[in-house]
Every structure is written in C-alpha cells, then in structure tokens.
1. R380 passes all but one of (1) basic (K, R); (2) closer than 25 Å to P285 by Cβ; (3) within 19 Å of the chain's Cα centre (by Cα); which number fails?
2. Condition test on N360, is it at pLDDT 85 or above, surrounded by fewer than 19 Cβ atoms within 10 Å (Cβ to Cβ) and not in a strand (DSSP E or B)?
3. Within region 380-416, can you find the residues that are part of a loop (DSSP other than H, G, I, E, B) and either within 30 Å of C355 (Cα to Cα) or in contact with a helix residue (DSSP H, G or I) (Cβ under 6 Å, 6 or more places away or on another chain) (or both)?
4. Looking at region 163-175, which of its residues are surrounded by 20 or more Cβ atoms within 10 Å (Cβ to Cβ) and either out of contact with any Asp or Glu (no Cβ under 9 Å at 6 or more places or on another chain) or polar (S, T, N, Q) (or both)?
5. Give all pairs with beta carbons closer than 7 Å in which a residue from region 76-99 that is over 16 Å from V188 (Cβ atoms) and free of Cβ contacts under 8 Å to residues at least 40 places away in the same chain meets a residue that is outside any helix (DSSP H, G or I) and of a type in the set (G, A, S); count only pairs at least 6 apart in sequence or on separate chains.
6. Has region 429-442 got any residue that is within 29 Å of Q376 (Cβ to Cβ) and within 20 Å of the chain's Cα centre (by Cα)?
7. Need pairs with beta-carbon distance below 8 Å; first residue free of Cβ contacts under 8 Å to residues at least 24 places away in the same chain and open to solvent by 50 Å² or more (accessible area, probe 1.4 Å) and within region 209-223, second assigned to a helix (DSSP H, G or I) and hydrophobic (A, V, I, L, M, F, W, C); sequence gap 6+ or separate chains.
8. May I ask you to list the residues in region 410-433 that are surrounded by fewer than 21 Cβ atoms within 10 Å (Cβ to Cβ), closer than 18 Å to L475 by Cα and polar (S, T, N, Q)?
Amino acid sequence: MISTQRIIYCTNPDCTNPINPIGDRVCASCQTPITYRYLWATGSSAAKIQLEQNLADRYEVIAPQIWLDTLPGLLPDIPEELPQEVIPYLRLYQYQLHLPQVYGFVRSPLQEGGDILLLENVPIEDSESVYPNIVEAWEQANGVRQVYWLWQILQLWTPLSELGVAGSLLVPDNLRVQGWCVRLLELVEMRYGVSFQQLGECWQPWVATAKTPVAKDLDRIVQQMLHGEVNLEAINTQLNALLLSSAGELPLTLQVAGKTDIGSTELLHNEDACYPTDSSDPDDPLLPHISIICDGIGGHEGGEVASQLAVQSLKLQIRALLAEVAEQSNIVPPDLLHKQLEAILRIVNNVICSCNNEQNREGTQRMGTTVVMAVQLPQRIHTTSGWESKNAHELYLVSVGDSRAYWITRNYCQQLTVDDDVLGREVRHTRSLYRQAYHRPDATALTQAVGTKDGEFLRPLIQRFILEEDGILLLCSDGLSDNNCVEHSWREFALPVLGGELSLEEAVEQWIDLAKQKNAHDNTSVVLTHCRVSPEYIIPMTRSLPPVEIVTDETEPEEEYELAASSQALLELEVSSEPPTPATSPPSTKRRRRLPFWIWIGGLLALLVGGTTLGLFTWWRLNPQSFQQTCRQLPQRVQQFCPPLN
C-alpha cells in the first residue's frame, strides 16, 4: 500500500533517519528541532498552481502561493547570474524586519510560466496563512497603532524609492501587519514612477475610518500630501509628533533584569559584559531605561577588557543623554537622537581603538567588542488629550556585530537587529543570495566590531521603535542566539513571564541554562526588559533564587590585564546625575520654553565633559596614588597637567 503521509526532512546532516511526519516539532531520531520554512511563490503563474502539488521533489503547495520546503537543509536552485528583479531585495537586506528575502527559483509546471521566484522571511503564520493586510486589520487597531503603521510605511518610502520599488507600498494587499509591524509580501516594480501624492491617495480611505483621537490630524496630513503642499520631511515631522503624542496617552511600566555567564566549565574567561546584572544597584537612575550586551573579541587580554570598557563608557554617556533629553519640553527629532547615539558609539569605539594603538596591537590581536544596546528615552510630550506625559514610549536600538535583540509577545517572536557578518555583506553587495552565503564556512565571521578600527569606519545600525503593546525585549550574545535557540524556544521561556507565572530574574536564569545546554562552547549574556502598556497590572513576582553575594572592590580579584590610562579612567568613573523616572505625569497645562538645538547639543557636551572632570577629580581625591600611577603612563606633554601627590 502506497503511503500518503506528508513528510519533512531533518536539517541535521548527521541524522541517521531524517524523515519525519509533517507536524512534528523535533526529529524523532536526533532531537533536532524541525525547520518549517514557508515560502511565498511570486507571480501569476504561481497563483494558478493547484494545492497539495509537490514541485521539484521538495516544495509542497499548502495554500495559494504559500509553499513549504520539505528539504530545508538543501540549497535551493539558484542561477549563476542573478536576475535584475532580485537586486532590490539584496540591497535592502538591512530592512529584513519589514521585507522578505530571496530564497531561490523553481521552474513553473505550467506552459505559460517561466521561473518562479521564491521568497523567505515572509509574513506567514504557523497556521500556514498570511498575516492580515493593513485594510483588514485597520478598524480593529487603536489610534496609536494606526499612526505607527503609517509611520513605518513612511520610513520605507525613501529606501524603496531609491531602488524603484516604492510602488510596493501602494498595494494594500501587499502590506501585511504582524501586530505592530508592517511587513511586505514582495517588492513590486512599477513600469512608471510613483509619486508621494500617490501615497497620500493610498492612505486617504484608511484615514477616513481612523480612530477619533488621531483622525483629524491624520486627515490634515493626508490633505497636505494630496495637494503637494509640503515635502516628505515635513510630513515625517508631523506624523512623528502625532505618533508620540498618541503613544504618550498609554501607561508604561518597565522592568529589567540581566546576567552574564561564562558557560562551559572548560572556558577560562568570560569575554561578555552586560548591564544590568544581578549585582547592579537597583537604585541606579539608568534603570530601567537602558540595557546593554557586549561580546568581546581579541582573546582574554583583549575581549573581556573591550566589552567591560564599552559597557562602562556607554553607561556614562547615556546617563548624560537621558538627563538632557528629560529636560526638553518639546520633541527632540529622531534624526538628531540618531546622530547623538551614533556619536556616542564612535567615542566608545575610539577609546578602545586608542588602547589598541597604545599597546601596539595588530591584526587579530586588536581587541574589540560587539554591542547591542536598548535606550528607552523618557521624552516629555503633550498628548492628544492635552496633558503632559513624561514618557513618549520611544525605544532606540543600537547594534554592531552579532549580538541580537528580539521582541517577544504572546503571539510572535521578531528578531529586530541584523548581524554584521560575511553572510550579510555578500547579500548587500549583491554577490550572493542569502542561502548561498549561509553555506559559506566563514558565513558568521564578523565584518565589523566596536574598537577594531577608527570610528569613521564604524557603521552602526540604529533603529527606533514605539512601545505600544505588552512584550519582552530580549538582548543576548551569540552564546544564546546560535543554532536558532531563541526562535525554537521563545514560547517556553517568555510566555510564563507575560502571564505572570515566572519572574524576570528566573527567566534570565532559564535562558542562560538553555544556552549552556545548547551552545556550551561560548559565554552567554541575557538582558530582559518586560514592557507593559496594558491597563491591567500584574504584581511583579519576587525572585525565588538564592541571594547573590555582591563582591566589594576590596575583595575583588585584581585585574590581570593593565588598561591604558584613558580606558581605566573611564572604567572607574561614576557620575551622579539622575534622569527623571518614566512615570506618567498627571495632566498639566504648563509649557516649558523650547531650547534651540545648538544650545541643547552644547549642554550635552558640557555635561559629558563636566561629568568626566568630576569623576577624575573624585578619583584623584579618593585614591591619589592610583591616580598618579596612571598619570605617569600618559605622554610627557600631558603629565604636566597632573596634580602633585599630596
């Protein structure tokens, strides 16, 4: 009797019996998680292919234009010369949160069809159906989310326009929404160019049914687009103001916990560093506004120094930035904050780079570190209801290297960052498709890190999000993210936290334990931020783990590696300025005078310099001998400014 059981193959090349029935989550033979790779088959030819057909002995048609690859471990068919239609996908690789990626090609079984382009990373649910389009979901969304969707589309307009595929944003059925996130089914190249006015025409029927708190302002914005009264930048500014003022109406509660672990007992050193950890001061004014993970490279006497130096330096500068932003009574534009965060990262980069130069480190001996940092900025904002909120719900992500950030809700897990590795470089430069580059032996090798080169060569990815739903922000080093551990296990560890059944600290411990089981070859760092905007309040659970002993400076083992003087100064620096807490304030009619941006920037620089001076002065007064010892390591022309030893 011929078996009609649907099967899928295990991706483990060493599996002795890789055949599994579709529906299983783990291979029965080797316990490797089964990979279900759903693909979007583009073109009218693909839409005509009947369901349950099997193409190329591997692709099963499970829904119109939705195919399942039953041999996910094998490389798909890829032509030697890439067709022009795939180039925009490759160049837009960094926008993979919103855009699909090219998977491969299949010859159409229909006579009139040619090659069918297959796309991965598409908005398809586990239930084997696509997420709803923006029109279907529009009326069920609240006003904040409606504005947020339009803001995301506006951010995609310029990069897609530059590659001639902005028409993709004018097809409502092509715009799918996964919760807060706008995702495209495919890129559409229109024969004739598209205009910004056409985008307004596309938005007009949606805005007509927008929620009352935002409807009037959205209609005014769309009318300006239709009549060409203002440019893209002006529309962006207005839409951003509406987004922040509507988001400011929501309550926001943040709780953060983190830990770094050496991993296997065979590893001698932990080159990871993170903030916060279980020994961090709970009264630190930075909490819960920032979370940081750094994974050092360059060996023990480089990697762990670079990661610790980066964390301490970032804390110092972000403290000043938070304090300055909190003082502003009007909106600080996203592009200005983007530049400030980029400048901060370049400063940290150059501090580590200077250490390398001072110690004559060359090639692979140059120390560096990955960075993934989340900054929740408590901007003052006048809400749509007319009162002043002290938090605009903005979250900025800064990343360099392959440490990652994920956003997890009850329904989905989204990777927010993009790895800086050879794989991504090959795709962005249109030299290879993703799956081709994925099979390279050096695919995961880093292409940039903080501190290895001068700051002018650093290209950090800085993204901005709005916290408008309950969820968990997970930052982790590759000790956890390797082998798709997060993607396979997020439900098990995140849902109990979201349901109030597990404390955040316990969840951090469980993620660390998972990493030690699956990726014991590496150090692991995990920082979780639980974000709540729902009116209901769940009492935070107390940690059931044994108390952690905090080692004081007097009992801490002496660092084996001696830092450069400038680096040691930054590590020992402490600044006491405290930014206001993000709690939502009661209604207020008092408005503060807006400072010009040049004064704001000058004040920020003055605060940074003043904080550094204060820290160095404190160090000199409390430990003059250590200060003098470090001072003598500086160049002769600098030593003359050092104070005498009392």
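1. All conditions are met except number (3).
2. yes
3. Of everything in region 380-416, those that are part of a loop (DSSP other than H, G, I, E, B) and either within 30 Å of C355 (Cα to Cα) or in contact with a helix residue (DSSP H, G or I) (Cβ under 6 Å, 6 or more places away or on another chain) (or both) turn out to be T383, T384, A392, H393, G401, D402, S403, R410.
4. A166, S168, L169, L175
5. Cβ pairs passing all conditions: D77/G104.
6. No, the conditions are met nowhere in region 429-442.
7. What qualifies is D219/V207.
8. Q414, Q415
The values are calculated or read from the model by the stated rules, or taken from the named source; none is laboratory data. Every value quoted in this text rests on a predicted model; they were computed, and no experiment measured them. Please note: Cβ atoms are built from the backbone with ideal geometry, for glycine as well, and neighbour counts cover all protein chains shown. To get the accessible areas, we keep the full protein, side chains included, count just its heavy atoms, and leave off ligands, DNA and RNA. Shrake-Rupley method; radii C 1.70, N 1.55, O 1.52, S 1.80 Å.
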